[in-house]
1. Based on a Kirkwood Rh over C-alpha pairs, give the Stokes-Einstein translational diffusion coefficient of the stretch B:3-208 at 10 °C and viscosity 1.306 mPa s in µm²/s.
2. Compute the convex hull volume of the Cα atoms of the stretch B:128-184, divide it by the residue count, and report the result per residue in Å³ as a whole number.
3. Roughly what % antiparallel, to the nearest 5, for the DSSP beta bridges in the stretch B:87-214?
4. Can you sort A:21, B:1, A:43, B:187 by how many other beta carbons sit within 10 Å, fewest first?
5. Taking Cα atoms of the stretch B:79-187, Rg/Rh with Kirkwood Rh, to two decimals?
6. Provide the percentage of antiparallel DSSP beta bridges, counting only those with both residues in chain B; round to the nearest 5.
7. What percent antiparallel are the DSSP beta bridges of the protein assembly as shown, to the nearest 5?
8. For the pair residue B:28 and residue A:48, how long in nm is the line joining their label points, each one 7 Å along Cα→Cβ?
């Protein structure tokens with residue numbers, strides 16, 4: 001039986017997508033997620049994974065939300 | 001003399017980066033007295049790892065490569081160490097695994113089987129790279145921000161610090177890099193890099209017989 005995936009709040013997903021799409025990271029910068037991405041990916045590919053909410057997309061959403069939470073709690077400003 | 005086994009497969013872009021940064025550890029001026037046994041490239045096989053662990057008993061093991069919650073992999077993702085299969089070979093060792101997610105289950109299992117300490121990552125290790133530097137990873141300053149904090153951990157352990165102290169030093173390096181990108185106006189999207197660095201720092205854990213995580 002397939003494992004039931006936790007539902008992602010659509011508003012939070014939109015927030016992450018907005019941050020990714022507006023980030024304007026240079027095209028030469030790529031992202032590798034060691035065990036699941038295989039080869040490094042560009043931002044367009046990352047955005048596509050987030051839209052699909054697949055394994056990579058869900059991890060990126062979790063990473064961004066963790067960071068936003070840390071920003072909100074002032075953890076990042078303390079580092 | 002401290003004996004260190006290091007595995008450095010290099011069969012894809014990510015492992016090529018880990019291979020290159022692993023070499024910086026071996027060549028570090030801070031570690032002239034360390035006796036390295038370097039399983040690099042296609043030498044990073046299960047047979048060679050098991051043989052060395054059985055016969056030479058290194059003090060420290062540095063694994064570089066792909067991983068999963070239950071496995072650490074070598075060349076072409078051959079499983080080198082696996083939970084409840086051969087993790088008993090880690091007994092008495094200090095281990096640092098730059099291998100995704102391997103602290104989640106394998107690390108805990110290794111500690112139960114007598115490993116002194118296991119430092120690793122609970123979740124995926126995320127690496128940003130500059131594709132214009134793919135052929136010269138050592139000159140990739142974006143990747144450097146991710147891999148130098150990792151190297152600091154390895155060097156600190158090999159200089160005799162505890163796993164907890166080594167992780168603390170590594171996290172200090174991560175914090176410096178996060179601060180650099182979080183406040184940077186020089187590169188558009190630098191906040192994405194800070195986010196990934198924060199993720200890696202948060203997921204780095206120290207497992208030991210004294211405490212389950214730090």
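1. Details: Rh = 16.8 Å.
Answer from the Stokes-Einstein relation: 95 µm²/s.
2. Numbers: hull volume 4.3 nm³, N = 57.
Residue-normalised Cα hull volume stands at 76 Å³.
3. Working: 5 of 8 bridges.
About 60 percent, rounded to the nearest 5.
4. Working: A:21 12, B:1 7, A:43 19, B:187 15.
In order of increasing Cβ crowding within 10 Å: B:1, A:21, B:187, A:43.
5. Numbers: Rg = 15.8 Å, Rh = 15.3 Å.
Checking Rg against Rh, the ratio lands at 1.04.
6. Numbers: 10 of 28 bridges.
Antiparallel: roughly 35 percent of the beta bridges in chain B.
7. Details: 16 of 34 bridges.
If we restrict to bridges inside the protein assembly as shown, about 45 percent are antiparallel.
8. Calculated label separation equals 3.9 nm.
Coordinate-derived values only; no laboratory data. Everything quoted here is computed from the prediction, not taken from an experiment. A quick note on method: Cβ atoms are made from the backbone with ideal geometry, for glycine too, and the neighbour counts reach across all protein chains shown.
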